[in-house]
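Data first, discussion second: the structure below is written as structure tokens.
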């Protein structure tokens with residue numbers, strides 16, 4: 001079913017557990033980190049702006065508008081610029097005292113989006129959905145929720161898109177991919193039809209060719225693969241429930257995700273409990289994040 005914020009709130013009030021892949025993947029990475037981020041809503045007080053993440057969000061909003069506006073480049077680029085301007089990457093000073101070139105800039109973003117628009121302008125696929133939130137029950141009382149970027153009707157059937165903006169575009173893992181498998185489950189429940197997926201890639205690089213950076217890769221999963229995904233989802237979701245019921249959140253000791261220190265490492269290395277509580281009060285602030293909320297176009 002399509003699920004706006006009101007529907008999701010009603011489900012929560014009824015005691016229904018609603019999770020998306022980003023929330024579940026945090027738990028799989030580290031249950032203790034999951035507690036700090038999603039139960040307590042904590043981020044570092046000194047956290048820096050993540051230009052890469054905001055760059056992707058800005059591109060996402062621009063592409064969403066491009067399809068909604070019958071492929072209007074100008075209004076879509078304006079949305080990107082207005083959204084991303086406060087988050088633009090600032091030049092760092094090199095060893096010689098000169099500013100280093102940045103990647104996540106307004107100029108690069110507009111150039112990448114313009115190339116995307118030019119490449120896919122002639123695509124005549126019928127757009128049937130553009131940025132929708134879908135929620136479906138996977139197991140008793142456990143709902144998977146996800147945002148589907150787009151759904152198209154093509155001669156071979158319905159195809160769902162997921163847009164990625166990333167530096168790691170060369171060997172993006174499509175199979176297995178629990179996020180995309182979840183989207184297949186949701187889209188099939190919504191449409192009542194077998195659907196296929198397509199990765200909509202915007203690679204971030206200033207040296208590679210447009211064909212490598214901007215491409216679409218089809219993918220699909222068998223009934224057996226989807227059954228294995230479902231069993232895994234139910235198992236992991238059940239483990240989250242057990243941690244919530246016992247308020248016992250084990251550490252995974254995976255303390256350098258993406259090759260940098262975990263934001264909660266200081267909390268896991270304090271020698272005494274009183275120091276832990278002091279760090280909570282001084283080093284972190286509460287800033288909750290709802291993956292299902294609507295992004296605002298600035």
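Read-outs throughout are calculated quantities, based only on the coordinates presented, and are distinct from any laboratory measurement. The model shown is predicted, which means the values in this text are computed figures rather than measured ones. When we count neighbours, we look across all protein chains shown, and the Cβ atoms used for this are built from the backbone with ideal geometry, even at glycine.
Observations on the model:
- Cα shape, the range 29-187, gyration tensor, a/c 1.5 rule: oblate
- Annotation: extensible slack from residue 193 through residue 13 equals 61.7 nm (criterion: 0.36 nm per residue apart, minus Cα-Cα distance).
- Radius ratio Rg over Rh of the range 224-278, counting only Cα atoms, Kirkwood formula for Rh: 1.14
- Sites residue 102 and residue 153, calculated FRET efficiency, Cβ-Cβ separation with R0 41 Å, nearest 0.05: 0.55
- The ranking of 224, 276, 38, 161 by Cβ neighbour count inside 10 Å, starting from the fewest, reads 224, 276, 38, 161.
- With bins 5 Å wide beginning at 0, the percent of Cα pairs of the range 1-116 falling in each bin runs 2, 10, 13, 13, 14, 15, 16, 11, 5, 1, 1, 0, 0.
- Hydrodynamic radius by Kirkwood, which averages 1/r over all alpha carbon pairs of the range 138-202, in angstrom: 12.8 Å
- Calculated from the alpha-carbon coordinates, the chain shows an Rg and a Dmax of 20.7, 63 Å respectively.
- The calculated FRET efficiency for the pair residue 170 and residue 75, based on their C-beta separation and a Förster distance of 25 Å, comes to about 0.20.
- In terms of other Cβ atoms within 10 Å, 35, 2, 71 run from fewest to most in the order 2, 71, 35.
- Calculated log₁₀ intensity ratio I(q)/I(0) where the Debye formula runs over C-alpha points of the range 17-85, q = 0.14, 0.21 Å⁻¹: -0.64, -0.89
- For the pair residue 251 and residue 119, label points projected 7 Å from Cα toward Cβ lie 4.3 nm apart.
- Volume in Å³ per residue [convex hull over Cα atoms, computed for the range 190-298]: 251 Å³
- Listed from fewest to most Cβ neighbours within 10 Å, the set 44, 260 follows the order 260, 44.
- For the range 131-256, the Stokes-Einstein estimate of translational diffusion at 4 °C and a viscosity of 1.567 mPa s comes to 78 µm²/s, using the Kirkwood hydrodynamic radius over alpha-carbon pairs.
- Principal axis box of the range 1-50, alpha-carbon based, largest edge first, Å: 37, 23, 17
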